[in-house]
């Protein structure tokens, strides 16, 4: 069933200054648009007349009124087959994250309006090795759902979609059966794990939460949300101390000029930190329910 998005953004990671944000269509204002996400099943009929789903088509259609500069940029991206990040959020509080190319829909362009499309066909679900959703797309209450919470394929023991920074000789481990990720630091080491999420929607509130188990807390391990602009300069930060055996949550109002937010979990000298169930949400009451783009 089609779902209407409130806002959508297209981000060229090679040049963040080209980021384009489109809002829901209102009163015919320039730059306003209507954007709809739909997932349709491709089916086949077996000999016994049973219908099975062979794949799914994930589509984002955007139509609206645009400035000449915006239209030119969209045409350039489409003709060059530029790989873009797509970010957005919906009327139901879900967060969109996707990666791929767009195309301009023929026969729908004139001097005022234009329609373009992001579309991918996939079998759905998550790749068992990389943890990435097979459609390169997620639309869920948890904005981190593009990757399953599991050990990633790029760096051993680090959650899929996350990266790590280390000083000294900290250790990392991911328990696949319990979903608990652990950072262990000795007396001369420190470490962080980070996850970047494109979310260029000024003034929108986001909430970062996770569950912590027991921790060895000698230097107050921290977690944070930081906004970054197109020059990778900080636009603002919210940080707090990790509390053992509880739900940890901070809230962040996206500052002006922000293109992406960075989520960080940090441990320092002699800290041992256990975390699980990470969530980035628009609603502070959203809880982790597993890999929640199960389509």
By residue number, the members of the stretch 240-295 that are in contact with a helix residue (DSSP H, G or I) (Cβ under 9 Å, 6 or more places away or on another chain) and either under 18 Å from residue 190 (Cα atoms) or surrounded by fewer than 18 Cβ atoms within 10 Å (Cβ to Cβ) (or both) are none
Among the candidates 86, 57, single out the residue that is more than 15 Å from residue 9 (Cα to Cα), touching a residue at least 60 places away in the same chain (Cβ under 8 Å), out of contact with any helix residue (DSSP H, G or I) (no Cβ under 7 Å at 6 or more places or on another chain) and part of a strand (DSSP E or B).
-> 57
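Filter the strands (runs of 3 or more DSSP E) completely within the stretch 124-234 down to those with at least 2 residues that are over 18 Å from residue 292 (Cα atoms) and free of Cβ contacts under 8 Å to residues at least 24 places away in the same chain.
Working: elements: 137-140, 163-167, 171-175, 180-184, 190-198, 205-212, 222-228.
Here the list reads 171-175.
I'm checking my understanding of the structure. Among residues of the stretch 211-222 that are more than 16 Å from residue 191 (Cβ to Cβ) and surrounded by 15 or more Cβ atoms within 10 Å (Cβ to Cβ), which one is modelled with the lowest pLDDT? Show your work before the answer.
Initial filter on the stretch 211-222 (more than 16 Å from residue 191 (Cβ to Cβ)): 211, 213-214.
Checking the rest, the ones that are also surrounded by 15 or more Cβ atoms within 10 Å (Cβ to Cβ) come to 211, 213.
Working: 211: 96, 213: 92.
Among them, the one singled out is 213.
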Of everything in the stretch 151-177 that's loosely packed, with under 15 Cβ neighbours inside 10 Å and closer than 11 Å to residue 190 by Cα, which residue is nearest to the chain's Cα centre (by Cα)?
-> 165
Subset of the stretch 62-91, residues surrounded by fewer than 20 Cβ atoms within 10 Å (Cβ to Cβ), modelled with pLDDT under 90 and either within 15 Å of residue 35 (Cα to Cα) or within 16 Å of the chain's Cα centre (by Cα) (or both), comes to 63, 65, 91
Check off (1) under 23 Å from the mean Cα position of the chain (by Cα); (2) surrounded by fewer than 21 Cβ atoms within 10 Å (Cβ to Cβ) for residue 225 and give me the number that stays unchecked.
-> (2)
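Take residue 183 and tell me if it is surrounded by 16 or more Cβ atoms within 10 Å (Cβ to Cβ) and assigned by TED's automatic domain parsing to the domain that holds residue 35. Don't jump to the end; show me each part of the working.
Numbers: surrounded by 16 or more Cβ atoms within 10 Å (Cβ to Cβ): yes; assigned by TED's automatic domain parsing to the domain that holds residue 35: no.
No.
The values are calculated or read from the model by the stated rules, or taken from the named source; none is laboratory data. From a predicted model like this one, the values you see are computed outputs, not experimental measurements. Every residue, glycine among them, receives a Cβ derived from its backbone with ideal geometry; neighbour counts consider all protein chains shown.
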